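Below: the structure, in structure tokens.
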Amino acid sequence: MKTLRFLGMTLLMVMLAVNFTACSDDEDEPTVEISLANLKGTWDMVKCYGWEYNDNNEKEDWEEDVTGEYIFFEDEDGNGGYNDGYNTYYFASSVKGDRLILRSTEWLLGKEVTITKLTDTELYLKAVDSESEENYEMKRR
């Protein structure tokens, strides 16, 4: 009788474990159209990573968590800026496909900037030139 009770309890525990197991919510937030209207607002940088060539012409990867830095788009005309925590570098911008074209700025000067992800709450940028690549992950404030 004890064996039967033990088997019953074991079966009950297995069934409860299976019933309480749920799938995780791993669906991504839907992307939105890349436009200046959808970029409007303030985007806090949370992560920055990329690569660059060092003095020995060797490619070095780097990654850093970022706090206190952000970019902002003031209006739908593309006026905005980048704040590094100390200074603000203003820019004028436009969008062509997935490219963010920055003008009149020192930030990312000479780099081709691509918007790799845009949702209501997330913005990812990749800035590339012949000697380096910078990737920025941002959250809407």
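The values are calculated or read from the model by the stated rules, or taken from the named source; none is laboratory data. Fair warning: this is a prediction, and the values are worked out from it, not measured in the lab. Don't worry about glycine lacking a Cβ; one is built from the backbone with ideal geometry, like all the others, and counts go over all protein chains shown. Calculation scope for accessible area: heavy atoms of the full protein, side chains included, ligands and nucleic acids excluded. Shrake-Rupley method; radii C 1.70, N 1.55, O 1.52, S 1.80 Å.
I want to confirm something. Restricting to the stretch 93-116 and keeping residues that are among the hydrophobic types (A, V, I, L, M, F, W, C) and surrounded by 15 or more Cβ atoms within 10 Å (Cβ to Cβ), which single residue is farthest from C48 (Cα to Cα)? Give the steps one after another, and end with the answer.
So in the stretch 93-116, the residues among the hydrophobic types (A, V, I, L, M, F, W, C) come out as 95, 100-102, 107-109, 113, 115.
With surrounded by 15 or more Cβ atoms within 10 Å (Cβ to Cβ) added as a condition, the list becomes 95, 100, 102, 107-108, 113, 115.
Details: V95: 22, L100: 17, L102: 19, W107: 14, L108: 13, V113: 14, I115: 14 Å.
So the residue we want is V95.
Determine whether the stretch 80-102 contains at least one residue that is closer than 22 Å to A37 by Cβ, of a type in the set (D, E, K, R) and in a strand (DSSP E or B).
yes
Six or more apart or on different chains, Cβ under 6 Å: which pairs go from a residue in the stretch 27-46 that's in contact (Cβ under 8 Å) with a residue 40 or more places away in the chain to one that's surrounded by 15 or more Cβ atoms within 10 Å (Cβ to Cβ) and of a type in the set (G, A, S)? Could you list them?
Listed by first residue and then by second, the contacts come to L36/G78.
Go through the stretch 103-123 and give me each residue that's modelled with pLDDT under 95 and in a loop (DSSP other than H, G, I, E, B). Working first, answer last.
To start, the set of residues in the stretch 103-123 that are modelled with pLDDT under 95 comprises 103-110.
Scanning the stretch 103-123 gives S104, T105, E106, W107, L108, L109, G110.
Out of the residues in the stretch 64-75 that are part of a loop (DSSP other than H, G, I, E, B) and among the β-branched types (V, I, T), which is most open to solvent (accessible area, probe 1.4 Å)? Steps first, answer last, please.
Residues of the stretch 64-75 that are part of a loop (DSSP other than H, G, I, E, B), as a first pass: 66-69, 74-75.
After this cut, where a residue has to be among the β-branched types (V, I, T) as well, the list is 66-67.
Working: V66: 11, T67: 128 Å².
Filtering first and then ranking leaves T67.
Going through the stretch 117-136 one residue at a time, which ones are within 8 Å of the chain's Cα centre (by Cα), under 29 Å from D55 (Cα atoms) and open to solvent by 40 Å² or more (accessible area, probe 1.4 Å)?
Passing the criteria: only Y124.
Which residues, counting only those in the stretch 57-79, are in contact with a Leu (Cβ under 9 Å, 6 or more places away or on another chain) and farther than 14 Å from A37 by Cα? Working first, answer last.
Applying the first criterion (in contact with a Leu (Cβ under 9 Å, 6 or more places away or on another chain)) to the stretch 57-79 yields 71, 73, 75-78.
If the condition is that a residue be in contact with a Leu (Cβ under 9 Å, 6 or more places away or on another chain) and farther than 14 Å from A37 by Cα, then I71 is the only one that fits.
Quick one: how many residues across the stretch 18-63 are at pLDDT 90 or above, open to solvent by less than 90 Å² (accessible area, probe 1.4 Å) and farther than 19 Å from S130 by Cα?
14
Looking only at the stretch 76-92, decide whether some residue is more than 21 Å from K139 (Cβ to Cβ), open to solvent by 70 Å² or more (accessible area, probe 1.4 Å) and among the aliphatic types (A, V, I, L, M).
no
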